[in-house]
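Participant: Below are the structure tokens for one structure; questions will follow.
The values are calculated or read from the model by the stated rules, or taken from the named source; none is laboratory data. Everything numeric in this text was worked out from a predicted model, so none of it was measured. Methodologically, a virtual Cβ is constructed for each residue, glycine included, from the backbone with ideal geometry; neighbour enumeration extends over all protein chains shown.
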Amino acid sequence: MKKSLLLISVLVSAVALTLMARSGGPAALLMLQVSGAPNEGTCSGCHLGGNAGGTITIEALNHNGPYVPGTTYSLKITLVDADGAVGGFQASALNASNQSIGTFIPSSGTQTVTLSGRTYLEHNTPNMFAAGPENNATSWTVGWQAPATTSGDVTFYVAGVAADWLGTPGGDDVYSNTFSFAALPVDFSSFEATAIKGGRIQLHWQTAQEVNSDRFEVERSLDGVFFSKIGTVSAAGHSTTTVSYSFQDLTPAFNQTFFYRLREVDQNGQYMFSEIITVRVPVGEAGVTRLYPSPAILQDHISLEYAMIEPGTLSVRLLRLDGALVYTQSHTLGEGLHLLEVPTRVLLSGHYYLETLSGQTYERHKLVIAN
């Protein structure tokens with residue numbers, strides 16, 4: 001009788017130790033790497049029951065699309081098994097080189113453990129299964145912070161056990177799964193707009209990293225809702241260092257606010273938008289903003305860029321140095337920046353004055369023409 005009691009006591013103690021070990025997590029107590037990641041196994045090495053048609057899943061809550069560097073996301077791990085009484089799991093997040101990426105943020109009942117250079121998230125106490133609408137399921141909601149810079153796609157590996165809580169491994173069901181979190185193709189580090197002379201807008205942006213980028217489409221809006229494309233700038237394609245870009249919008253009017261955004265298009269046709277920035281074009285001053293080329297060598301015309309701060313008439317005259325008038329033209333122009341042409345092909349080579357008059361604004365510029 002004493003031997004029977006002793007044997008029962010030993011068996012109960014063994015079962016209790018087994019449950020304690022499993023309840024603490026495979027990495028923390030047994031130094032096991034069983035998330036199902038490359039060069040790893042799963043929990044089936046110790047739990048032998050196979051599976052009963054259940055599943056384990058890992059998903060990002062309330063988010064679709066690529067991850068944003070430095071952002072924290074909520075992840076939900078759900079274990080479903082019709083026969084399960086308690087459940088546990090181990091998960092890892094790896095980049096394309098199978099190295100840990102990002103930072104797991106444990107919640108109640110979970111912990112992080114680092115083994116052989118990889119960081120694992122796992123249970124530290126088993127979760128009880130809930131019957132009913134969730135179909136005998138249990139779940140954990142944890143955090144994961146993306147790396148500070150775009151570091152390629154992330155693959156989450158997860159393996160879980162639905163245990164019958166009888167103290168033997170034969171009735172435990174094992175499941176594994178993966179979830180991929182794509183990286184942003186372009187990591188914008190800055191995007192700025194500055195109003196410059198003549199009502200033009202200078203746009204400047206920088207990227208910290210680019211993957212398969214094809215082009216940037218510059219879009220403008222008057223209300224921040226409806227945007228239209230005004231230009232395209234080629235992208236670097238692949239880069240891990242800072243790349244700078246610029247674009248000049250020549251068409252804004254004065255005394256208005258404009259909204260700008262960038263539509264980055266990948267080589268495969270997928271796209272993403274930058275943040276929206278705003279800039280207000282001040283009233284400024286009327287006058288010549290550019291006059292080119294000078295000298296005008298064998299040119300049919302010279303280009304005159306003129307800023308109008310309100311609708312009105314612009315008179316343009318071309319004179320020889322002795323004051324003889326060789327060209328005159330009046331233009332009725334609206335508010336904004338205008339590009340005009342002054343014919344020069346029929347003129348003799350020499351020095352000339354170009355005069356402009358709009359309202360009370362008068363200017364004289366010296367030109368050299370070589371025909």
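Participant: Could you grab me the full set of residues in the range 73-103 that are in a loop (DSSP other than H, G, I, E, B), at pLDDT below 95 and among the aliphatic types (A, V, I, L, M)?
Facilitator: Passing the criteria: A82, A85, A96.
Participant: Please work out if G102 is surrounded by 15 or more Cβ atoms within 10 Å (Cβ to Cβ), in contact with a Pro (Cβ under 7 Å, 6 or more places away or on another chain), over 10 Å from V161 (Cα atoms) and not aliphatic (A, V, I, L, M). Spell out the reasoning first.
Facilitator: Working: surrounded by 15 or more Cβ atoms within 10 Å (Cβ to Cβ): yes; in contact with a Pro (Cβ under 7 Å, 6 or more places away or on another chain): yes; over 10 Å from V161 (Cα atoms): yes; not aliphatic (A, V, I, L, M): yes.
In short, yes.
Participant: Can you go through S92, S107, S100 and tell me which one is farther than 28 Å from T242 by Cβ and free of Cβ contacts under 8 Å to residues at least 60 places away in the same chain?
Facilitator: S107
Participant: Pairs under 9 Å by beta carbon, first residue among the charged types (D, E, K, R) in the range 223-244, partner surrounded by 11 or more Cβ atoms within 10 Å (Cβ to Cβ), six or more apart or different chains?
Facilitator: Between residues of the range 223-244 that are among the charged types (D, E, K, R) and residues that are surrounded by 11 or more Cβ atoms within 10 Å (Cβ to Cβ), the close pairs are D223/F259; K229/E217; K229/V218; K229/E219; K229/R220; K229/R263.
Participant: I need the full set of residues from the range 272-292 which are farther than 28 Å from G359 by Cβ and either touching a residue at least 24 places away in the same chain (Cβ under 8 Å) or not in a strand (DSSP E or B) (or both), in order please. Working first, answer last.
Facilitator: Residues of the range 272-292 that are farther than 28 Å from G359 by Cβ, as a first pass: 272-278.
Of everything in the range 272-292, those that are farther than 28 Å from G359 by Cβ and either touching a residue at least 24 places away in the same chain (Cβ under 8 Å) or not in a strand (DSSP E or B) (or both) turn out to be M272, S274, E275, I276, I277, T278.
Participant: I need a count of the residues in the range 239-257 that are part of a strand (DSSP E or B) and touching an Asp or Glu at 6+ places or on another chain (Cβ under 6 Å).
Facilitator: Within the range 239-257, the subset part of a strand (DSSP E or B) is 239, 243-249, 256-257.
Now drop any that are not touching an Asp or Glu at 6+ places or on another chain (Cβ under 6 Å), which leaves 239.
Of the residues in the range 239-257, 1 are part of a strand (DSSP E or B) and touching an Asp or Glu at 6+ places or on another chain (Cβ under 6 Å).
Participant: Can you tell me which residues in the range 210-227 are closer than 18 Å to E192 by Cα and of a type in the set (G, A, S)?
Facilitator: The answer is S221, G224.
Participant: Only residues that are out of contact with any Phe, Trp or Tyr (no Cβ under 8 Å at 6 or more places or on another chain) and in a loop (DSSP other than H, G, I, E, B): list them for the range 26-41, please. Write out each step before concluding.
Facilitator: Within the range 26-41, the first condition is being out of contact with any Phe, Trp or Tyr (no Cβ under 8 Å at 6 or more places or on another chain), and the residues that meet it are 26, 28-32, 34, 38-39, 41.
Across the range 26-41, the qualifying residues are M31, L32, V34, P38, N39, G41.
Participant: Please specify each residue of the range 226-268 satisfying the condition of being within 17 Å of V281 (Cα to Cα) and of a type in the set (S, T, N, Q).
Facilitator: Q248, T251, N255, Q256, T257
Participant: Hey, can you tell me all the residues within the range 54-101 that are aromatic (F, W, Y) and under 18 Å from the mean Cα position of the chain (by Cα)? Outline the logic, then answer.
Facilitator: The first filter runs over the range 54-101 and keeps only residues aromatic (F, W, Y), leaving 67, 73, 89.
Listed by number, the residues that qualify are Y67, Y73.
Participant: Could you say which residue among G45, G25, G49 is surrounded by 15 or more Cβ atoms within 10 Å (Cβ to Cβ), at pLDDT below 80, of a type in the set (G, A, S) and more than 24 Å from K76 (Cβ to Cβ)? Even if it seems obvious, please write down each step before you answer.
Facilitator: Working: G45 fails: surrounded by 15 or more Cβ atoms within 10 Å (Cβ to Cβ); G25 fails: more than 24 Å from K76 (Cβ to Cβ).
Every option except G49 fails the conditions.
Participant: Would you mention how many residues in the range 194-206 are more than 17 Å from T242 (Cα to Cα), among the hydrophobic types (A, V, I, L, M, F, W, C) and at pLDDT 85 or above?
Facilitator: 2
Rundown of residues vs (1) at pLDDT below 90; (2) crowded, with 18+ Cβ neighbours inside 10 Å; (3) assigned by TED's automatic domain parsing to the domain that holds A37, yes/no style:
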| position | (1), (2), (3) |
| --- | --- |
| E192 | no, no, no |
| A208 | yes, yes, no |
| V211 | yes, yes, no |
| R215 | no, no, no |
| S234 | no, no, no |
| N255 | yes, no, no |
| Y271 | yes, no, no |
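Participant: What single numbered condition from (1) farther than 25 Å from G54 by Cα; (2) assigned to a strand (DSSP E or B) fails to hold for G70?
Facilitator: It is condition (2) that G70 fails.
Participant: If you don't mind, there's one more thing I want to ask. Does L354 satisfy the condition of being in contact (Cβ under 8 Å) with a residue 60 or more places away in the chain, under 29 Å from A195 (Cα atoms) and either among the polar types (S, T, N, Q) or out of contact with any Gly (no Cβ under 7 Å at 6 or more places or on another chain) (or both)?
Facilitator: On the way: in contact (Cβ under 8 Å) with a residue 60 or more places away in the chain: yes; under 29 Å from A195 (Cα atoms): yes; either among the polar types (S, T, N, Q) or out of contact with any Gly (no Cβ under 7 Å at 6 or more places or on another chain) (or both): yes.
Considered against the rule, which asks whether it is in contact (Cβ under 8 Å) with a residue 60 or more places away in the chain, under 29 Å from A195 (Cα atoms) and either among the polar types (S, T, N, Q) or out of contact with any Gly (no Cβ under 7 Å at 6 or more places or on another chain) (or both), L354 comes out as yes.
Participant: Let me ask something additional. Would you point out the residue of the range 273-288, among those that are loosely packed, with under 14 Cβ neighbours inside 10 Å and at pLDDT below 80, that is farthest from Y306 (Cα to Cα)? Step through it out loud before you land on a result.
Facilitator: Residues of the range 273-288 that are loosely packed, with under 14 Cβ neighbours inside 10 Å, as a first pass: 273, 275, 278, 280, 282-283, 285.
When the remaining residues are screened for being at pLDDT below 80, the result is 282-283, 285.
On the way: P282: 16, V283: 14, E285: 10 Å.
In this case the residue turns out to be P282.
Participant: Find the residue count for the range 110-119, including only residues that are surrounded by 15 or more Cβ atoms within 10 Å (Cβ to Cβ) and more than 13 Å from L29 (Cα to Cα). Working first, answer last.
Facilitator: Initial filter on the range 110-119 (surrounded by 15 or more Cβ atoms within 10 Å (Cβ to Cβ)): 110-113, 118-119.
Filter once more, keeping what is more than 13 Å from L29 (Cα to Cα): 110, 118-119.
Final tally of qualifying residues: 3.
Participant: Taking the range 342-371, which residues are of a type in the set (V, I, T) and closer than 11 Å to V326 by Cβ?
Facilitator: Initially, the range 342-371 is screened for residues of a type in the set (V, I, T), giving 342, 344, 346, 356, 361, 368-369.
Of everything in the range 342-371, those that are of a type in the set (V, I, T) and closer than 11 Å to V326 by Cβ turn out to be V342, T344, V346, I369.
Participant: Provide a single number: the residues in the range 257-269 that are at pLDDT below 95 and over 20 Å from A182 (Cα atoms).
Facilitator: Summing the residues that are at pLDDT below 95 and over 20 Å from A182 (Cα atoms) in the range 257-269 gives 2.
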